[in-house]
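The values are calculated or read from the model by the stated rules, or taken from the named source; none is laboratory data. Since this is a predicted model, take the numbers as computed values, not measurements. Because the Cβ atoms are built from the backbone with ideal geometry, glycine has one as well, and the counts that use them run over all protein chains shown. The area values use the complete protein model at the heavy-atom level, side chains included, leaving out ligands, DNA and RNA. Shrake-Rupley method; radii C 1.70, N 1.55, O 1.52, S 1.80 Å.
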Amino acid sequence: TVPGRKRRDVNLAPNYLVLLLLLGFALGPLLILLFNSLKTQAEYARNPLGPRQNLMWENFSKAWSVGNFAVTTRNSGFLVVVTVVAVLALGGMAAYSLAKLDLPGSGFVTLYLLIGTSLPLQLFLVPLFFRWKELGLVTTLHGLAIIYVATNAPFAVFLLRSYMLQLPRDFEDAARVDGAGEWQIFTGIVVPLSWPGFLTVGLVVALSVWNEFLLASVFLTEQELFTVVTSYYNFSTRFSRDWSLTSAAAIMMILPVVVIFLALQRRFVEGLTQGGLKG
């Protein structure tokens with residue numbers, strides 16, 4: 001058994017080498033960004049790639065206050081929470097209707113959503129802006145949140161519908177025999193069984209909203225309503241020559257995303273895999 005195990009390890013060596021190379025490509029830029037965020041501007045000029053012994057933690061506090069990230073982080077958090085909650089609620093109910101209720105025209109609705117998601121958002125940006133201006137929703141967080149919900153809901157419907165199609169109908173039929181309504185079946189049976197899919201959708205939508213730039217830069221023009229991404233863009237433009245300060249701001253911007261993704265990575269992959277088995 002030992003020689004066979006050694007032979008197996010040797011055969012897997014190229015795979016581990018490729019994984020290590022990919023890991024280096026993925027983590028290398030982040031490590032350099034972290035190193036640069038803890039340097040002075042003079043130290044960065046002398047050593048732009050390596051670490052620094054005397055760490056400049058003041059870069060983070062300075063970037064946080066100068067860039068007004070306390071306000072913009074709150075704005076982005078508001079948009080993320082509102083969008084995720086609304087997308088999960090609306091997308092979950094729509095996915096249940098398409099997957100379980102055998103509604104007439106459900107195939108057409110699915111095709112319509114597919115065509116809508118394939119069209120670039122830039123085609124609707126100008127008329128959408130003027131309509132939002134007429135409704136008084138420009139330069140408001142809730143107006144932008146409505147757009148985020150509309151643009152992310154089709155993805156949620158597709159993924160949750162694929163996930164719900166895998167669920168056996170035995171539990172639902174038994175609940176109907178006992179007199180349960182569709183709402184009780186949806187909230188008491190389908191949602192608990194589909195929670196990995198809901199978790200995956202919530203994570204993808206949250207990352208998408210947190211990192212979104214185009215819509216936020218067009219519909220939010222007041223500085224107090226900027227999101228993290230738009231405020232970082234202005235901050236990096238203002239301090240374009242101070243790479244240490246902009247690196248510290250970048251670390252603060254991506255840190256919540258990295259932490260959340262690493263914490264939920266296992267469930268994220270599980271939800272995508274199971275949701276894509278059947279469509």
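Results, tabulated for the structure shown:
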read-out	value
10 Å-binned pair-distance histogram of the chain (Cα, whole percent)	6, 21, 25, 23, 16, 8, 2, 0
Only Lys, Arg (+1) and Asp, Glu (-1) charged, at Cβ; region 14-112 dipole about Cα centre in debye	260 debye
Solvent exposure of region 95-217 as accessible area per residue, Å², 1.4 Å probe	52 Å²
Dipole moment magnitude, nearest 20 debye, region 144-264 about Cα centre, only Lys, Arg, Asp, Glu C-beta charged	360 debye
Value of D in µm² per second that Stokes-Einstein yields for region 51-133, Kirkwood Rh from Cα pairs, at 37 °C (0.692 mPa s)	187 µm²/s
Semi-axis lengths, Å, region 161-205, gyration tensor of Cα atoms, sqrt of 5 times eigenvalues	23, 11, 7
Carbon/sulfur fraction of accessible area - region 112-214, other protein chains in place, 1.4 Å, %	69 percent
Helix-only [θ]222 nm of the chain, DSSP H runs n ≥ 4, -39500 (n - 2.57) each, per residue, nearest 500	-25000 deg cm²/dmol
DSSP H segments from the chain that extend 27 Å or more along their own axis, Cα-based, with Kyte-Doolittle mean of 1.0 or above	69-100, 141-165, 243-263
Lys/Arg +1, Asp/Glu -1 at C-beta; region 44-198 dipole; positive extreme among Ala156, Asn47, Phe186	Asn47
Distance in nm between pseudo-label sites at Ile115 and Val257 (7 Å out along the Cβ direction from Cα)	3.3 nm
Nitroxide proxy distance, nm - points 7 Å out along Cα→Cβ at Ile146 and Leu33	3.4 nm
For region 93-187: Kirkwood Rh in Å [reciprocal of mean 1/r, alpha carbons]	15.8 Å
Cα shape, region 124-278, gyration tensor, a/c 1.5 rule	oblate
Region 192-234 residues near the modelled Val85 label - backbone nitrogen below 19 Å, point 7 Å along Cα→Cβ	198-210
Per-peptide average of other Cβ atoms within 10 Å, ordering 162-168, 195-201, 27-33 highest first	195-201, 162-168, 27-33
Percent of alpha-carbon pairs separated by more than 27 Å within region 1-146	63 percent
Directionally averaged projected area (convex hull, Cα atoms, region 210-251), nm²	3.0 nm²
Cα-centred dipole magnitude for the chain, charges only on beta-carbon of K, R (+1) and D, E (-1), debye, nearest 20	980 debye
